[in-house]
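The structure appears below as structure tokens.
Every number in this text was worked out from the coordinates using simple rules, so none of it is lab data. These numbers come from a predicted model, not from an experiment. In this analysis, Cβ positions are derived from the backbone assuming ideal geometry, glycine residues included, and neighbour counts consider all displayed protein chains.
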Amino acid sequence: MSSTDPNQTVSTEAAPETAPTPVDHEPETNDSPPSKSSGWAVFLFFMIGFVGSILSGWILFPELLYSKKDQPIDFNHAVHLDMVSDECNSCHYFRDDGSFAGMPDLSSCVDCHEEAQTDDPEEIKFVDEYVTPGIEVPWLNHSKQPDCVFFSHSAHVIGADMSCESCHGDIGTSEHTRVFEENRLTGYSRDIWGHSISRLGKPEAGEPLPMKMNDCAKCHKEETGHKGACFQCHK
Amino acid sequence: MKIDRRSFLTYGTALVLGGAAGSMLTPAPWKLTDDVAIWTQNWPWTPVPEDGEITYKQSVCTLCPGGCGINVRLVNGRPIKIEGSKDHPANKGSLCPMGISGLQYLYGPSRVTSPLKREGKRGEGKWKKVSWEEALTAVAKKLAELRENGRPQSVACITGSDRGTIPNLIGRFLTAYGSPNYIRSANAQDAIEQAIYLAQGKQGTPGFDIEKADFILSFGSGLLDGWGSPGRMFNLYGNQKPAKKIIQIEPRLSDTAAKATQWIGINPGTEGALALGIAHVIIKESLYDRNFVENYAFGFDDWTDDNGKAHDGFAKMAKKFAPEKVSRITGIPKAEIVSLARAFARASKPIALNGRGHGSVPGSIDESLAVQSLNALVGNINKPGGISAMPDSNYAKWPEVNIDEIASKGMQQPRIDGAGSEQFPNTRFLLNRLPEIINSAQGESPIQALMVTDANPLYTLPDTAATKKAFDRIPFIVSFSPYMDETASHADYILPNHSYLERLQDVPTSTGISLQVTGLAKPVVKPLYDTKHVGDSFIHMAKALGGFIENAFPWDDYEAFLKETLNDQWRKFKRKGVIEIEHNLPEPLAYTFNTVSGKFEFYPTARNSATQKENSALPSYTPVPIEGDVQRFKLVLIPYDSIRLASGYMANAPFMTKTVDDTVLKNQIGLLEINPATAKELSLKEGDTAILTTPKGKATVKIHLYEGIMPGIIAMPRGLGHTAYSEYLADKGTNFNELIGPIEDPTSGLDMAWGIRAKLTRA
């Protein structure tokens, strides 16, 4: 590399220092260029960096980026779904004005859970820590979108007659809550980006769909023939 | 392999480059770029609106007398948006910029958050928070003291309206207390109301059925600039049929003029002469409604009174206003006047309106009478598409007030403002005369205690300096304003009312609308601060004063009072929010007028003719005197109104100020409109800074060249130049009222000033 530097080769100051070195210590390789032996080494270091970063980028990075959190209560969807009459809509309902209520608040739960119905420790915990003192459960929302995004459940569920599962997966039949993987930078769930850090391939059947803007656009393109305009979601 | 300093750098560089190249083949950089972008949007100090259940609450806007219905959108019970209510007959869904930005009055920093007692000098801004008990007791004690000294009449109360239960409750308080000095702020309705009263003998709110009219002749009314009920006027423009003609007569190309069928520039202040000129042509060419004039009108022809004295009729007066003469006065070509008169008279449903701009200044009675005479000539009184006096809703029936001897003596004193006196028999309130009366009083001020609610006289009264001087002479001032406005900041006590979205009140018929509608303003949110309904404050003070005053208020609070007032209608009212009384117009062939003659009086016999020229009560044209020496002040300054600037007692919401063009306000300095030709004479250019001087005051302005203003005339907007409220409103532009003084109308005593002489010098 030093050979590319004209200043060093013609420099009168540099010459006396560099010239004796091969003579004193490595006289047998006097005629070979000094960088030949280090070329492989340079390549080696390059490859160490190259491979190391590929491995850490694919394996270590996702581990570092997401923290793992448990839901405040290990909720059993399956049990509840058996007992209600109107499927998902029983708790995740549409208000009269068509807006979507989202996560049910405590008032929807207290009708049944004024007192614990079973001796399930999670239910007892729910009643003691939340129902009795009247504190809303701080559920971790796997599908929460940034505030700049407008999304209408009505348009999709009522208007386009889509099922809940088509985006949210088989959550309704789950017996335990999933670990909530929270992006340390943004605070949003890993579900939004999708479990695959490369965003390649399709999620397995029953898994929730990723919910980045391109995912919206892709589905809209397939279903409506157009990706949609900016202001449809960014109002 | 030996690693020295140089090869270390070489290998290190190789490692880093390898790492960088490798990372490009991983998702990390792309994912991180995306995450960082999202991270920047979620910084904790970025405000994020709360999510939650959306509800709507119906109410009525009370920010201006327009009385539009509003629909307030709430998230989790927090008001977040105001929309026009489709169910209200006045505005049918439309709303003005002020109504839309109303939430800024609720949440804004100019709110008074608790009762305050002044510390330090008046207007210094030093206040001490006091409890409601302490504040109300202090005010009641002062009032009791004045009564004990036998001077209940030295207490005055200034309000924004005199209709509805709140003003009636305050009026009742003053009656029981013993003061005749209940004074309501003035506006153009006063002059029109009085003209209608003089001609028709009916006391009521003028109703203009402009929706059904097909030819609207507007003498300077800012139909699209905030005149009447703005929501209603937007609908008029939005839904107008192509056949509808709007003729706008004013000296300046306003937004209303720009959107009119025709704009006719006129010398300012000469509108009355034009109305008489039009009458002249209509009479001369026999285009008037013969049936109405011959059968239902009085004073059209010459007449003789009971004493045998001969009087001229309206036709003779109009004869003096031939188009040539009117053309000289108004500056409008003679042919234009003739064709305008013909078009007006031949239209199937013509209507003539007056009241300049927003209608904040009453104007001359002569002018209002002349315009009403035009309506009478085409016979559109009490007809669809015409004008009528809307009777006030008489739902309010309360037990009679019994008063004690002190109150009785006080009530027998003449009103301080001279309203209802021999000089001004038909005027009910004359706030504009108050400063002069106080300032010219010998010894102490005739007003010893002043209470102000829903009014801001220190901003809205002409001649701010004189008003301030008068207020300084009043020893005790109480403001009930929810906002730190100019008057509140000069008070001794502030007893803050709830803001308009937090209080209950009935809202009588909206200005100018020809329907008899009463709305109910319901609180859409619980009071955010330690405020009290002004009705409750007065009931509390009445109880503290005891005796007959206490007995006049058998109600626990304002709500109980309102409930009893509305009686069996309360529940319907509360549910619907609006009571609409079907207003049946009298049959055109059964015109009934309550005048002496029982007819529509072209010659208004109830008018005090002693102050008029030739002792004639007929509407005439006498130029309204304009203050200032012609030699010293070569220009004429007129105000203009805009829908984007609130000029009344409620200041602009900051959102509204944001919509104002930089040809109106720039870098805190107001712009003055001047015709390019006039500017050239004064060697002024666009954007120049100049000093504007009038006989009343001085202001720094910037020059804005505008072809839409007549040469020699300069114009600036009302509604700027606040000195109080908050940093978002104060010190922006100039308050027009600082530059003009009131001019008393000889008939009504109301302010009729339309402009003032002025001069401009380069700064």
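Take the alpha carbon gyration tensor of the protein assembly as shown, find the square roots of its eigenvalues, order them as a ≥ b ≥ c, and report rounded if a/c is under 1.5; if not, report prolate when a/b exceeds b/c, else oblate.
prolate
Please compute the contact order of chain B in relative form: average sequence separation of alpha-carbon pairs under 8 Å and at least six residues apart, divided by the residue count, as a percent.
Rounded, it is 18 percent for chain B.
Once you have the Cα-Cα distance between residue B:613 and residue B:632, take 0.36 nm times their residue separation minus that, and quote the gain in nm to one decimal.
My answer for the length gained is 3.9 nm.
Taking the Cα centroid of the stretch A:48-126 and of the stretch B:260-281, what is the distance between the two, rounded to the nearest whole Å?
The stretch A:48-126 and the stretch B:260-281 have Cα centres separated by 74 Å.
Within the set B:349/B:658; A:235/B:86; B:128/B:563; B:86/B:129; B:202/B:532, which residue pairs have Cα atoms separated by over 30 Å?
B:349/B:658; B:128/B:563; B:86/B:129; B:202/B:532
FRET efficiency for residue B:129 and residue A:40, Cβ-Cβ distance as r, R0 = 56 Å, nearest 0.05?
Once the sixth-power term is evaluated, E becomes 0.10.
State to the nearest 20 debye the size of the charge dipole of the stretch B:49-134 about its Cα centre, where the only charges are +1 on K and R beta carbons and -1 on D and E beta carbons. Provide the component values of the computation, followed by the final result.
On the way: 14 positive and 9 negative charges, 89 e Å.
Dipole about the Cα centre, nearest 20: 420 debye.
Could you tell me whether the stretch A:37-153 comes out rounded, prolate or oblate from its Cα gyration tensor? Rule is a ≥ b ≥ c as square roots of the eigenvalues, rounded for a/c under 1.5, then prolate if a/b exceeds b/c, otherwise oblate.
prolate
Which residue, chosen from A:166, B:407, A:189, occupies the Cα position most advanced towards the positive end of the dipole of the protein assembly as shown, where the dipole is computed from +1 (Lys, Arg) and -1 (Asp, Glu) charges on Cβ about the Cα centre?
Toward the positive end, the furthest listed residue is B:407.
If r is the Cβ-Cβ distance from residue B:324 to residue B:723 and R0 is 41 Å, what FRET efficiency results, to the nearest 0.05?
On the way: r = 48 Å, r/R0 = 1.18.
FRET efficiency, residue B:324 to residue B:723: 0.25.
With the crude spin-label approximation of a point 7 Å out along Cα→Cβ, what separation in nm comes out for residue B:309 versus residue B:39?
9.2 nm
Neighbour counts of other C-beta atoms within 10 Å: give me B:498, A:77 arranged from fewest to most.
The most exposed by this proxy come first: A:77, B:498.
Whole percent per 10 Å bin, from 0 to the bin with the longest distance: what is P(r) over all C-alpha pairs of chain B?
Per 10 Å bin, starting at zero, the Cα-Cα P(r) for chain B comes out as 3, 13, 22, 24, 18, 9, 3, 2, 2, 1, 1, 0, 0, 0 percent.
From the phi angles alone, apply the Karplus equation (6.51, -1.76, 1.60; θ = phi - 60°) to the stretch B:169-178 and give each ³J(HN,Hα) in whole Hz, x where the residue is Gly or Pro.
Taking θ as phi minus 60°, the curve returns 5, 5, x, 4, 4, 5, 4, 5, 6, x Hz for the stretch B:169-178.
Could you go through the stretch A:210-222 in sequence order and give the Karplus-derived ³J(HN,Hα) for each residue, using 6.51 cos²θ - 1.76 cosθ + 1.60 with θ = phi - 60°, rounded to whole Hz, and x for Gly and Pro?
These are the phi-based 3J(HN,Hα) values: x, 10, 7, 4, 5, 5, 4, 4, 4, 5, 4, 4, 5 Hz.
Restricting the count to DSSP beta bridges whose residues both fall in the stretch B:635-762, what percent are antiparallel, rounded to a multiple of 5?
About 65 percent, rounded to the nearest 5.
State whether the stretch B:635-762 is rounded, prolate or oblate according to the following rule on the C-alpha gyration tensor (a ≥ b ≥ c being the square roots of its eigenvalues): a/c under 1.5 gives rounded; otherwise a/b larger than b/c gives prolate, and the remaining case gives oblate.
It is oblate, given that a/c is not under 1.5 and a/b is not larger than b/c.
Rounded to the nearest 5, what % of DSSP beta bridges with both residues in the protein assembly as shown are antiparallel? Working shown, then result.
On the way: 57 of 97 bridges.
For the protein assembly as shown, the DSSP antiparallel bridge percentage is about 60.
In whole Hz and in residue order, list the ³J(HN,Hα) couplings for the stretch B:70-75 that follow from phi through the Karplus curve 6.51 cos²θ - 1.76 cosθ + 1.60, θ = phi - 60°; x for Gly and Pro.
3J(HN,Hα) across the stretch B:70-75, in whole Hz: 10, 10, 9, 8, 10, 10.
Label 7 Å along Cα→Cβ of residue B:439; the stretch B:692-709 residues with amide nitrogen under 13 Å?
What the label zone holds, given the 13 Å backbone N cut-off, is B:695-697.
Run the dipole for chain B about the Cα centre, Lys and Arg Cβ at +1, Asp and Glu Cβ at -1, nothing else charged, and hand back the magnitude in debye, nearest 20.
1620 debye
Which residue, chosen from B:643, B:746, B:675, occupies the Cα position most advanced towards the positive end of the dipole of the stretch B:633-756, where the dipole is computed from +1 (Lys, Arg) and -1 (Asp, Glu) charges on Cβ about the Cα centre?
Looking along the dipole axis, the top candidate is B:675.
Pull up the DSSP beta bridges for chain B and report the antiparallel fraction as a percent, rounded to 5.
Expressed as a percentage, antiparallel bridges in chain B total about 55.
Collect residues whose amide H, placed 1.01 Å from N in the peptide plane, falls under 5 Å from the amide H of residue B:483; neighbours closer than 5 in sequence don't count.
Correct list: B:112.
Could you check the spin-label model distance between residue A:145 and residue B:529? Points 7 Å from the Cα along Cα→Cβ, value in nm.
The answer from the label model is 3.9 nm.
Treating the beta-carbon of each Lys and Arg as +1 and of each Asp and Glu as -1, no other charges, what is the dipole magnitude of the protein assembly as shown about its Cα centre, to the nearest 20 debye?
Dipole size: approximately 4600 debye.
Which aspartates and glutamates, if any, have their Cα less than 20 Å from the Cα of residue B:319, not counting same-chain residues under 8 positions apart?
Here the aspartates and glutamates satisfying the reach criterion relative to residue B:319 are B:271, B:285, B:289, B:294, B:301, B:302, B:336, B:366, B:367, B:601, B:614.
Between the stretch B:612-657 and the stretch B:425-475, what is the separation of their alpha carbon centroids in Å?
Spelled out, the Cα-based centre of one part sits 20 Å from the other.
Report the one residue of B:483, B:169, B:323 whose Cα lies farthest in the direction of the positive end of the charge dipole of chain B (charges on C-beta: Lys and Arg +1, Asp and Glu -1; origin at the Cα centre).
Positive-end residue among those listed: B:483.
Can you pull the one-decimal nm distance between simple spin-label points at residue A:107 and residue B:113, each 7 Å off the Cα toward Cβ?
Taking the simple label geometry, residue A:107 and residue B:113 are separated by 2.9 nm.
Please list, ordered by chain and number, the residues whose modelled amide H lies under 5 Å from the amide H of residue B:670; skip anything fewer than 5 residues away on the same chain.
Answer set, sorted by chain and number: B:702, B:733, B:734.
For the stretch B:38-77 and the stretch B:290-324, compute the distance between their C-alpha centroids and round to whole Å.
Computed from Cα coordinates, the inter-centre distance equals 59 Å.
Pull up the cross-link candidates among the lysines for residue A:125, meaning alpha carbon to alpha carbon under 28 Å and not fewer than 8 places away within one chain.
Result set, ordered by chain and number: A:68, A:69, A:144.
Can you tell me, using C-alpha contacts under 8 Å and at least 6 residues apart, the relative contact order of the stretch B:207-264 as a whole percent?
Computed over the stretch B:207-264, the figure is 36 percent.
For the residues B:621, B:107, A:130, what sequence is obtained by ranking on other C-beta atoms within 10 Å, fewest first? Walk me through the numbers on the way to the answer.
Numbers: B:621 26, B:107 12, A:130 19.
Exposure proxy ranking, most exposed first: B:107, A:130, B:621.
Pairs of Cα atoms under 8 Å, at least six residues apart: use those to get the relative contact order of the stretch A:141-233, whole percent.
The normalised contact order for the stretch A:141-233 reaches 30 percent.
Based on Cα positions only, what radius of gyration and what Dmax would you give for the stretch A:116-235, in angstroms?
Values for the stretch A:116-235 (Cα only, Rg and Dmax): 17.3, 52 Å.
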